[in-house]
Every structure is written in C-alpha cells, then in structure tokens.
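**Q** I'd like to ask some things about the structure below.
The values are calculated or read from the model by the stated rules, or taken from the named source; none is laboratory data. If you're wondering where the values come from, they're calculated on a predicted model, not measured in any experiment. Glycine gets a Cβ as well: all are built from the backbone with ideal geometry, and neighbour counts include every protein chain shown. Each accessible area value is taken on the protein alone, full model and side chains, heavy atoms only, with ligands, DNA and RNA left out. Shrake-Rupley method; radii C 1.70, N 1.55, O 1.52, S 1.80 Å.
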Amino acid sequence: MISAIILAAGLSSRMGIPKQLLKLGGKTMVGIVTENVLASKVDEVLVVTGHREQEIRAAIGELPAKILFNPHYAQGQGTSLALGAGAINAGASAFLVFMADQPLISASLINMVIDEFKKRSCLALRPVYQGKPGHPVILDCALRAEAAALKGDEGLRKVLKQLGSRVEYLPVQDESAIFDIDTPETYEMFKSKYKN
C-alpha cells in the first residue's frame, strides 16, 4: 500500500495570497494536485490543511482524500509533514510527499516514481530534472518515525539530509518535477499557458 501526503497548510508568504486556492482553468491548485495524486497508483491520499482550512476543504470537496487540520501550521512545514506521517495507514509500505503548488505533476510521473522505487527497493527516491532534485519524493515507511518527529520549519529536506548517500535519484525528462508556483509573476505567466 502506498500513501501520499499533500502539504496544503502554508501561509504562502511569498505569494501574498494562499497558493492552494489560486485558480487554474477553473480549478484550485490544491484541487488539481489532489486529483492528479488520486489518478495515480497511490492507495491513500492525506491532505494537511492549516491556513484558510475551510476554503481548502471546500476546494477538495467530494474527492476521496482524508483531510487533516494542522493547528500548528504557522510554525512551519515540518509540523504538517509530521502530522501527515503520523496519520498514514498502518498497512502502508511507502509514502510520497507533495506540495500544493506543483499542479503539473501528473499521474504518469507519480507512477514512474512509484514503479522505480519498488524496483530499487531503496529507502528514498527523488526525481531529478536536468540535475535539479524535485518532487514527488517517495520514502519507505521505515522513515515514518523520522518524518513524524519533525518540528517547526524542518521539512522533508532534513529527513533526506540525514539519509545522505542512501537517497537515490531518478532522472526524468519532465520539468513539472521542479516547477512550482511561488510568486505572483510565476502565477500570471503560467495561468495564461495552463490548459487542463
């Protein structure tokens, strides 16, 4: 069983407004990311909310995802990842981590990462586009306790740093692995090109 954690709790300070609720082709970013993950081989989807929780819950609507509210979201991303990791189904063998500002990550890219992870039977696998590490990252559930112990703003990077050379990488030809929407300029540029 493979679980997925979508981190959608942040304040989006660089954007100025919640990225999760920005619209692309009539849908919110968090809705698009959740749909893409649900369309993949993932068995369980957890969405961690925080800032503007009710609106994000409404944006996910009837999609079959489990929504978790992080009351400590203002302390940083680590608190959201910790909450998600602690709530993964006990039967899961691995979990993926997604950001709510990466709407281009497709089900096919997610499936490629899952398939490669199963083939290699490694502890963690991360896609790389033109030398840049991206998302989604998949981790063996042996690392669940480390993720559940994160605090403040120490996110996935801390877990991967502790693993060092035991993190494996998968070169991909898909730029969406590293593309995120972080600033109003990126959003405006992307919005005009986005075709759902």
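**Q** Give the Debye-formula value of log10 I(q)/I(0) at each listed q (0.10 Å⁻¹), with one equal scatterer per alpha carbon of the chain, two decimals each.
**A** Summing over Cα pairs of the chain leads to -0.36.
**Q** Antiparallel as a % of all DSSP beta bridges within the chain, to the nearest 5? Please report the intermediate quantities before stating the final value.
**A** Details: 10 of 32 bridges.
Antiparallel: roughly 30 percent of the beta bridges in the chain.
**Q** Report the net charge of residues surrounding residue 134, where surrounding means a beta-carbon distance below 15 angstrom and charges are Lys +1, Arg +1, Asp -1, Glu -1.
**A** Values: positive: 126, 132, 157; negative: 101, 116, 168, 174, 175, 180, 182.
Result for the local shell: -4.
**Q** Let me ask another. Report, to the nearest whole %, how much of the accessible area of segment 92-196 belongs to carbon and sulfur atoms, 1.4 Å probe, protein only.
**A** Working: 2700 of 5300 Å².
Roughly 51 percent of what the probe reaches on segment 92-196 is carbon or sulfur.
**Q** What 222 nm value per residue comes from the helices of the chain, counting each DSSP H run with n ≥ 4 as -39,500 (n - 2.57) and dividing by all residues, nearest 500 deg cm²/dmol?
**A** Details: 7 runs with 66 residues, N = 196.
Helix contribution divided over all residues of the chain: -9500 deg cm²/dmol.
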